[in-house]
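Accompanying notes for the structure given below.
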Amino acid sequence: MKVKKMVDSFNYAIDGILYAVRTQRNIRIELIATLLVLTACFFTDLGKIDFLIITITVTMVITAEMINTAIECTVDMSANYYHPLAKVAKNVAAGAVFITSINAVIVGYIIFGEKLQNISFTLIHKIKNSNPYMIFVILVIVCILTVIIKAIFGEGTPLRGGMPSGHSAIAFSVATMIALISEQPFVIILSYLLAFIVAQSRVDSEVHSVLEVVIGSIFGMLLTMLLFRIF
């Protein structure tokens, strides 16, 4: 009997996680960011302490988001009408998520920033000495291929809706160009942060789904890196 209760408790916990992932867009975005960070760990020489700090930081962000979801559901269940304290509860919970997210960015910059400075900049040196018009050529190619893919899927217009997100593809393409040209980790982080804001705005305005934005972002980054290698 005790074993059954223990198994049920695990099942309830897993159901809660699955519900949060299915219904909360921010958690899906944070899980994707977690996968990218963990993938980056394979390409950097991180010590046990660094990996432990990253694990704790990621866990804090996802846990805070799930607690925020639980608070929102509880408030919505208990208050069927507008109440100022209900708004305060939701805002404070969202503020907790925001603080953990800022902390994650700082931790990521401290841990990975130093590692990025040790990476060889041979490719970047070649790019800097290449024809500056190459950047505009690559951007045009990204735009054209994005429009072609939109036409293949037959959804949306070149500037609105459809698979993939053109704004996200272009934003992350530009951010990748800056990352390949700049030797300053802080500039690279700001570039990708601005690209992320562009992608997030497309989801918030309900023009694109999360999947369309993610595919567009990945497409823009990979295509830009491939074209840089070819040129």
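Could you tell me whether the range 103-115 includes any residue that is closer than 28 Å to Leu223 by Cα, modelled with pLDDT under 75, outside the structural domain of His167 (by TED's automatic domain parsing) and of a type in the set (D, E, K, R)?
yes
Residues in the range 31-54 that are surrounded by 14 or more Cβ atoms within 10 Å (Cβ to Cβ) and among the hydroxyl-bearing types (Ser, Thr, Tyr): how many?
Result for the range 31-54: 2.
What's the number of the condition Val21 fails, among (1) at pLDDT 85 or above; (2) in contact with a Leu (Cβ under 8 Å, 6 or more places away or on another chain)?
Failed condition: (1).
Residues checked against (1) in a helix (DSSP H, G or I); (2) among the aromatic types (Phe, Trp, Tyr); (3) more than 23 Å from Phe196 (Cβ to Cβ):
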| site | (1), (2), (3) |
| --- | --- |
| Asp50 | yes, no, yes |
| Val61 | yes, no, no |
| Phe98 | yes, yes, no |
| Ser101 | yes, no, no |
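For the range 32-89, what are the residues that are of a type in the set (Ser, Thr, Tyr) and within 30 Å of Ile110 (Cα to Cα)?
So the first thing to find is which residues in the range 32-89 are of a type in the set (Ser, Thr, Tyr), and the list is 34, 39, 44, 55, 57, 59, 63, 69, 74, 78, 81-82.
Across the range 32-89, the qualifying residues are Thr34, Thr39, Thr44, Thr55, Thr57, Thr59, Thr63, Thr69.
With respect to Val92, determine if the residue is hydrophobic (A, V, I, L, M, F, W, C), surrounded by 15 or more Cβ atoms within 10 Å (Cβ to Cβ) and assigned by TED's automatic domain parsing to the domain that holds Tyr109. Working first, answer last.
On the way: hydrophobic (A, V, I, L, M, F, W, C): yes; surrounded by 15 or more Cβ atoms within 10 Å (Cβ to Cβ): no; assigned by TED's automatic domain parsing to the domain that holds Tyr109: yes.
So Val92 fails the test.
The values are calculated or read from the model by the stated rules, or taken from the named source; none is laboratory data. All values derive from a computational prediction rather than experimental measurement. In this analysis, Cβ positions are derived from the backbone assuming ideal geometry, glycine residues included, and neighbour counts consider all displayed protein chains.
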